[in-house]
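First comes the structure, then the notes that go with it.
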Amino acid sequence: MPSKSILTRLLLLSFLLAVSAAALPAATLGVTLSGATPANFENRLSDTGVEVVRFVLTSTGASVACTGVTITFTNPTNADEAFTALRVFFDANGNSSFEAGEEIGVSQAPNGTAANLIFTGAFTVPTASRLMQVIVNTGSNPASYGQAFRFSLAAAADVALVSPGTDSVTGAFPVLGNTLTIRNSVTNLLAGTGNPTAPRTVTRGTQNAAGAHFRLDCLSGIVPGELVSLDLAVITVSVNLGTAADAAVISGLSLFTDDFDTAFEPGTQDLLVQTRTSADVTKWLVVGTTLTVTFDGTEIIAQSAINSGSVRAYWVGISFNSSANAQVEVIVNRTGILGSAGASGDFMNTAIASVSGNLITISGTSGSSGSSTNGVGEEGGCTTGSDHGLPWLLLALLACFLVVGRDRMKALSRAGHLV
């Protein structure tokens, strides 16, 4: 009898467990991207707590108990240099913020080979929506400049379930965040407000004609901690020549700061930064019909950095000797503007590819002295003329005066004789 009683109890217990299991509701956990996820953005080196993505976890049917999550990232080869730590937080109390006690597992760092990291730690998604946040600390290696990364939940299996037979995970996988690119600054090249907009003619020997007016707009970071400033290292200017021989007519190019009044005032309101001539052999190169002039060195480095969110403007002045007529066009290309962090670190955006100062025609007689100026205190570098005809005009006026005076004296003499 006792054996029968034990067997009966075991059968009853098994039956009750089966009934209880059948009564457990199935739960589904949906994973989507949060609208609070940062848009595509640039971030500097050595930052901590940079949010790269937020997910929305929504449980329906019942709460879902989880034991961990796997975070996948692109560009794993460079991730170990770009990030010193990844951390994952789950908003357990639903207050849309992330506290220290809500971290899943512990901080981890990429190893340069694996494209994901597993964070082990218990969390439960109630029959509602909860946020999950992934943050990173960026490294300090400049080799990371220009490298881009995206973080995601790649599949349903990336959320580890306590009851996978009862609960399930759905979503349009992978659920991708936006792109983070490691940079120091991002800058737009813009045409200056005083930039010449039409072809001009200047006389031979003109000094500091308004070659081109351009602006550098260092963009603001999207969230705190993003980007810093553009610390200029190189500004390269190109001059398109009518013919290769026209290079011999150019005596110098000068870079000036601008005081934002749209007028070119070299040496007065607009201060000289640096002048290059053909004597600067490695900084003054003529290849075919293009003259390339590089402004760099102490004078450029000494310029204060263009802070994130600020704009600075420059003028390029071009000077000519009196040897011949010519046609030139001054152009500033975005690829010719470099910061101290290099092309990947201090990045020139593709807002526009170049700024042109428009066509300049140099003309005059072979005997012109070359002492005139163009663009000094004039918006857009207006054309100045020659005063060579003024002495002849004065002589003609003097001759007319003498003739009129002589005729007047004769008239008075006749009048006196008649009286």
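A few comments on the model shown:
- When residue 98 is tested against the conditions (1) under 35 Å from the mean Cα position of the chain (by Cα); (2) assigned to a strand (DSSP E or B), the lone failure is (2).
- Listed here are the strands (runs of 3 or more DSSP E) enclosed by region 106-206 that have at least 1 residues being of a type in the set (Phe, Trp, Tyr) and without any contact (Cβ under 8 Å) to a residue 60 or more places away in the chain: 116-125.
- Selection within region 207-230 - surrounded by fewer than 24 Cβ atoms within 10 Å (Cβ to Cβ) and either hydrophobic (A, V, I, L, M, F, W, C) or in contact with a helix residue (DSSP H, G or I) (Cβ under 8 Å, 6 or more places away or on another chain) (or both): 216, 218, 219, 222, 223, 228
- Within region 98-157, the set of residues being hydroxyl-bearing (Ser, Thr, Tyr) and either surrounded by 15 or more Cβ atoms within 10 Å (Cβ to Cβ) or under 19 Å from residue 72 (Cα atoms) (or both) comprises 107, 113, 120, 129, 138, 144, 145, 152.
- Condition check for residue 273: touching a Lys or Arg at 6+ places or on another chain (Cβ under 9 Å), β-branched (Val, Ile, Thr) and modelled with pLDDT of 95 or more: no
- The criterion of being closer than 21 Å to residue 346 by Cα and touching a Leu at 6+ places or on another chain (Cβ under 9 Å) holds for residue 232.
- Subset of region 335-354 (residues that are closer than 24 Å to residue 82 by Cβ and touching a helix residue (DSSP H, G or I) at 6+ places or on another chain (Cβ under 8 Å)): 339, 340, 341, 342, 345
- Selection within region 310-352 - closer than 18 Å to residue 258 by Cα and under 12 Å from the mean Cα position of the chain (by Cα): 310, 311, 337
- Hey, residue 194 surrounded by 17 or more Cβ atoms within 10 Å (Cβ to Cβ) and under 14 Å from residue 317 (Cα atoms) or not: yes
- Within region 230-320, strands (runs of 3 or more DSSP E) holding 3 or more residues that are among the hydrophobic types (A, V, I, L, M, F, W, C) and assigned by TED's automatic domain parsing to the domain that holds residue 359: 232-241, 250-257, 284-287, 290-296, 311-320
- The strands (runs of 3 or more DSSP E) falling completely within region 19-82 that include 3 or more residues that are over 22 Å from the mean Cα position of the chain (by Cα) map to 27-33, 50-60, 64-73.
- Cross-chain or 6+ apart pairs with Cβ under 8 Å, region 304-331 first and buried (at least 17 other Cβ atoms within 10 Å of the Cβ), then part of a strand (DSSP E or B) and among the acidic types (Asp, Glu): 315/270
- Residues of region 200-245 satisfying the condition of being of a type in the set (Val, Ile, Thr) and within 30 Å of residue 186 (Cβ to Cβ): 222, 223, 228, 234, 235, 236, 237, 239
- For the condition within 24 Å of residue 363 (Cβ to Cβ), in contact with a strand residue (DSSP E or B) (Cβ under 8 Å, 6 or more places away or on another chain) and of a type in the set (Val, Ile, Thr), residue 181 does not qualify.
- Residues of region 286-301 that are among the small types (Gly, Ala, Ser) and more than 24 Å from residue 339 (Cβ to Cβ): 288 alone.
The values are calculated or read from the model by the stated rules, or taken from the named source; none is laboratory data. Quick caveat, the model's predicted, so the values are computed rather than measured. With ideal geometry, Cβ positions are generated from the backbone for all residues, glycine too; neighbour counts draw on all protein chains shown.
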